[in-house]
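The values are calculated or read from the model by the stated rules, or taken from the named source; none is laboratory data. Keep in mind it's a predicted model, so treat the numbers as computed, not measured. Ideal geometry is used to build each Cβ from the backbone, glycine not excepted, and the neighbour counts take in all protein chains shown.
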């Protein structure tokens with residue numbers, strides 16, 4: 001079991017990285033991220049894609065984490081605090097009672113990530129996704145339908161933002177991803193590694209339900225409102241989801257779930 005450390009003072013230097021979580025979410029914490037809740041903690045330990053650094057838990061939740069903490073690194077500290085102390089550290093009421101710090105990985109290029117994938121693969125390419133709830137939901141959908149990787153262009157928000165991780169139910173910590181470059185550069189990396197990109201848009205030419213699926217396929221999604229730029233739509237095969245003509249469009253995460261289900265190879 002990891003080392004159990006009792007914390008009685010919110011100003012204790014050992015838990016400095018947990019202080020004022022909401023404010024520090026906006027500026028980062030020196031290569032670390034915050035994971036929240038037991039389910040997410042289980043994924044952090046099981047997926048082993050990121051290094052767990054420590055856990056901060058309410059004293060009345062510790063007993064229920066015995067099995068979860070058994071999978072943690074042996075020397076990782078587990079800080080235990082009362083509700084008042086934990087709320088004082090975080091700067092808000094932590095009703096789930098479980099927080100953890102993980103270290104971000106060194107950036108991986110889209111090209112190297114794609115080259116390592118199998119001959120038959122499904123990838124999600126996200127362009128301009130700036131809403132953290134949508135980002136988390138997109139990763140959750142990617143995990144649900146066995147997407148091999150997620151690519152994010154340079155205009156996307158950080159998938160390791162605390163809310164994104166929470167909404168994804170830990171999928172951000174499980175599904176491989178690469179960040180950076182323009183959408184055009186990422187499309188080029190996809191073409192160079194044998195992927196066919198299919199852009200999802202209400203203006204798409206093909207019904208996603210009838211589309212022939214190539215062995216290596218990338219589903220391209222844009223932000224709600226503006227959608228995908230015309231340049232991306234012109235450079236890729238386009239698909240739509242058939243729906244009632246009485247309404248404009250679907251939430252991007254909902255649309256992704258439907259399309260991923262169509263492209264999924266169980």
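Check off (1) in the same structural domain as residue 233 (by TED's automatic domain parsing); (2) at positive phi; (3) out of contact with any strand residue (DSSP E or B) (no Cβ under 6 Å at 6 or more places or on another chain) for residue 158 and give me the number that stays unchecked.
(2)
Any chance segment 238-258 includes a residue that's exposed (fewer than 13 other Cβ atoms within 10 Å of the Cβ) and in contact with a strand residue (DSSP E or B) (Cβ under 6 Å, 6 or more places away or on another chain)?
Yes - at least one qualifying residue is present in segment 238-258.
Considering only segment 153-181, state which residues are part of a helix (DSSP H, G or I) and touching a residue at least 40 places away in the same chain (Cβ under 8 Å).
162, 163, 165, 166, 171, 173
Restricting attention to segment 48-68, report how many residues are surrounded by 18 or more Cβ atoms within 10 Å (Cβ to Cβ) and either more than 29 Å from residue 175 (Cα to Cα) or in contact (Cβ under 8 Å) with a residue 40 or more places away in the chain (or both).
Final tally of qualifying residues: 7.
Does residue 204 qualify as being in contact with a helix residue (DSSP H, G or I) (Cβ under 9 Å, 6 or more places away or on another chain) and modelled with pLDDT under 95? Working first, answer last.
Values: in contact with a helix residue (DSSP H, G or I) (Cβ under 9 Å, 6 or more places away or on another chain): yes; modelled with pLDDT under 95: yes.
Taking the combined requirement at face value, the residue satisfies it.
Looking only at segment 234-248, which residues are within 23 Å of residue 122 (Cβ to Cβ) and either in contact (Cβ under 8 Å) with a residue 60 or more places away in the chain or assigned to a loop (DSSP other than H, G, I, E, B) (or both)?
Listed by number, the residues that qualify are 236, 241, 242, 243.
Pick out the one residue from 209, 218, 189, 184 that is more than 20 Å from residue 131 (Cβ to Cβ), touching a residue at least 40 places away in the same chain (Cβ under 8 Å) and part of a strand (DSSP E or B).
Exactly one of 209, 218, 189, 184 is more than 20 Å from residue 131 (Cβ to Cβ), touching a residue at least 40 places away in the same chain (Cβ under 8 Å) and part of a strand (DSSP E or B), namely 218.
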